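Data block below; observations after.
FYI, it's all coordinate maths here, none of it is from the lab. Values in this document were obtained by computation on a predicted structure and should not be read as measured data. Backbone-built Cβ (ideal geometry, glycine too); neighbour counts: all protein chains shown.
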Amino acid sequence: QKNGQLKGRHVVISAGGTVEAIDPVRYISNRSSGKMGYALARAAVEQGADVTLISATSQLPDPVGVRTIHIQSAQELSEQMFTALPHADVIIMAAAVSDYRMAQTAQNKIKKQDSGELNLTLVENPDILAQLGSAKTGQYLVGFAAETQNLMTYAQNKLKKKNADMLIANDVSKDQVGFGYDTNQVTILTKDKEPEMLPLQSKITLAREIMKKISIAINGQVEK
Ligand code: PMT
């Protein structure tokens, strides 16, 4: 179906939790299942968009009708997002990106230490959303904020600091909200409108509502 509000638009979505190798058998990651990003990809296809999904998970089947690229680390995700940027109309960063990676990934499996403790040195990963926010040339940029406290303050800061057009804030300390669940509850922040709190609902229903809001924003239509 290529007749929706996003017909002819290229939507690029990141999903899942990035994986940072510690050694050949161990990694640093997070509890993102990819469900939110995959639901957004499905909803964008339903709206007629041409969709690229940059996915950090292999636990979900590739969505039908979506060009899916699998990556692991934040650096790989960054490369793919910047490759996609020039051809994108909408970019949505739903992935949970590791803020840190190993300063140096160990070549061999790290052995148990006689001292009884092991110190890992981590270095900061690029903030992909913020870098996209600086580099964008008219693309509509959407970020998420996953918080366990001060949801609205932190989310407002992220909207501004990362130069996003829309920020979707979820309080992931709540039951049924965020990481791993089939449901989510978010507040949507934009530069020019009052924050809008949406009810707890399935990720696919929420994704359809988010894609509708994005299509209204980029098509300049009046919301019904
Ligand atoms: O995958 P699910 O199990 O369905 O769960 C969904 C979700 C909780 C992962 C999703 O709804 C969500 O909130 N995704 C963003 C998670 C996150 O990393 O939030 P953050 O507040 O740490 O980051 C803020 C924004 O900056 C996000 O858009 C993130 O993609 C981006 N970011 C963060 C760090 C970084 N180094 N680069 C980034 O681009």
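Using alpha-carbon positions, what is the distance between the centroids of region 164-187 and region 1-68, in Å? After rounding, the separation between the Cα centres reads 16 Å.
Here the residues HIS10, HIS70, ranked from fewest to most Cβ neighbours within 10 Å of their Cβ, fall in the order HIS70, HIS10.
Taking the inverse of the mean reciprocal distance over all distinct Cα pairs, the Kirkwood hydrodynamic radius of the chain comes to 18.1 Å.
Structural size metrics of region 1-112, computed from C-alpha coordinates, are Rg and Dmax of 15.6, 58 Å.
Residue ranges 32-43, 102-113, 77-88, 58-69 sort as 32-43, 77-88, 58-69, 102-113 when ordered by packing (mean number of other C-beta atoms within 10 Å per residue, highest first). Label positions at VAL25 and ASN119, each projected 7 Å from the Cα along the C-beta direction, are separated by 2.5 nm. With both residues required to sit in the chain, DSSP beta bridges show an antiparallel share near 40%.
Here the residues LYS203, LYS7, ranked from fewest to most Cβ neighbours within 10 Å of their Cβ, fall in the order LYS7, LYS203.
Take 139-151, 187-199 and order them by the average number of nearby Cβ atoms within 10 Å per residue, most first; the result is 139-151, 187-199. Distance between the modelled labels on LYS191 and ILE216, one decimal in nanometres: 1.9 nm (7 Å Cα→Cβ projection).
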